[in-house]
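**Student:** Structure below; questions to follow.
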Amino acid sequence: MSRPSATVAKRDPVPVFAALGDTNRLMLVLTLRDGQSRSISRLTSDFRMSRQAITKHLHVLEQAGIVRSRRVGRENHFSYVPEPIEDVRSYLDRVCEEWDDALSRLKSFVED
Amino acid sequence: MKDSIEKSIELKAPVERVWHALTDHRQFGEWFRVKLDGPFEVGEVSRGHITYPGYEHVQWEARIQAMEPERLFSFTWHPYAVDPDRDYVDEPPTLVEFRLEPISGGTRLVITESGFSRIPEGRRMEALRMNESGWEEQTSNIQAYVEA
């Protein structure tokens, strides 16, 4: 990723992980990941969930920055924002790198 | 993107040697690059500071969760890895587990760090209400999502 690491470090990964930790929200993200924005009515009929439930889930995703809403006529349209998920991915990559470094030091420590 | 990471490494050293490298606080400090104030004790908080060049100002703090001789060593902590200037106190800790297994010619060490998806305290009730199937399943959902 070309994003400077300082930006990556500033985003708190926990709310993003938490927002994704729900089957329904995960399905919403998968649906919206095609880049097309959709209204609550459209998502409600696609998901066979109550309008209220869909609204709640979208709100959690919006709070975590994973979707954004835009007013279109009388309705809100929701679309996917890729950056938060890319950021938590790179967060984990960096945790992995730290462990790789530590493990190579452990290896020389015990094998010497 | 899973909510945990796992690393596996084969070490050309007997399990006993690796166990001491992990659980003797001075030996741990050598390779982890941390100067610890005292020995690890289950249930207790271990404190010290990082000796990694450039990160000497960073405090080390972890709560030891398990020490099963030559099998499992684990602690919870706030991973310092990403940003040493940041205060992680309000974030949920992650669990780091070191599992040891004898193999021919040495030891297999598996490290997992998990719990990145734990919910901040203030939002727990809301999330529980909305979430019927439990965290374990959710975690595998994220995994399936990412690995698909």
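Values in this text are rule-based calculations from the coordinates and carry no lab data. A quick note: this is a predicted structure, and the numbers were derived from the prediction, not measured. Every residue, glycine among them, receives a Cβ derived from its backbone with ideal geometry; neighbour counts consider all protein chains shown.
**Student:** Over all residues in A:24-34, what is the mean tally of Cβ atoms on other chains that come within 10 Å of each residue's Cβ? Kindly include the intermediate steps, with their values, before the conclusion.
**Tutor:** Details: counts 4, 4, 5, 2, 0, 1, 2, 0, 0, 1, 0.
Across A:24-34, the average partner-chain Cβ count within 10 Å equals 2.
**Student:** If we count other beta carbons within 10 Å of each Cβ, what is the order of B:ARG47, B:ARG99, A:ARG70, A:ARG38, fewest first?
**Tutor:** Values: B:ARG47 13, B:ARG99 16, A:ARG70 10, A:ARG38 21.
Ordered by Cβ neighbours within 10 Å, fewest first: A:ARG70, B:ARG47, B:ARG99, A:ARG38.
**Student:** Averaged across B:27-35, how many Cβ atoms of other chains sit within 10 Å of each residue's Cβ atom?
**Tutor:** Rounded to a whole number, the mean comes out at 3.
**Student:** I would also like to ask the following. Please give the per residue volume of the convex hull enclosing the alpha carbon atoms of the stretch B:1-63, rounded to a whole number of Å³.
**Tutor:** Numbers: hull volume 8.4 nm³, N = 63.
Here the figure is 134 Å³ per residue.
**Student:** Quick one: net charge of B:SER104's neighbours, Cβ under 14 Å, K/R +1, D/E -1? Working shown, then result.
**Tutor:** Numbers: positive: B:LYS12, B:ARG108; negative: B:GLU10, B:GLU101.
Overall, the nearby charge balance is 0.
**Student:** For chain A, what does the helix formula give at 222 nm: sum of -39500 (n - 2.57) over DSSP H segments with n ≥ 4, over the residue count, nearest 500 deg cm²/dmol? List each step's numbers first, then the result.
**Tutor:** Details: 6 runs with 74 residues, N = 112.
Only helices count here, giving -20500 deg cm²/dmol.
**Student:** 7 Å from Cα along Cα→Cβ at both B:LYS12 and B:GLU56: what's the point-to-point distance in nm?
**Tutor:** 3.5
**Student:** Fewest first, what order do A:GLU83, A:GLU111, B:GLU113 take by the number of other Cβ atoms within 10 Å?
**Tutor:** Neighbour counts put them in this order, fewest first: A:GLU111, A:GLU83, B:GLU113.
**Student:** May I pose another question? What order do you get for B:HIS57, A:HIS57, B:HIS25, A:HIS77 when you list them from fewest to most C-beta neighbours inside 10 Å?
**Tutor:** B:HIS57, A:HIS77, B:HIS25, A:HIS57
**Student:** Just the C-alpha atoms of the stretch A:12-111: what Rg/Rh do they give, with Rh taken as the Kirkwood radius?
**Tutor:** With Rh from the inverse mean 1/r over Cα pairs, Rg/Rh is 1.21.
**Student:** Let me ask something additional. Below 8 Å between Cα atoms, with a sequence gap of 6+, how large is the relative contact order for the stretch B:4-116 in percent? Please report the intermediate quantities before stating the final value.
**Tutor:** Values: 232 pairs, mean separation 33.5, N = 113.
Dividing the mean separation by the residue count of the stretch B:4-116 yields 30 percent.
**Student:** Still on this structure, please answer the following. Under the definition of Cα pairs under 8 Å and six or more residues apart, what whole-number percent is the relative contact order of chain A?
**Tutor:** Computed over chain A, the figure is 30 percent.
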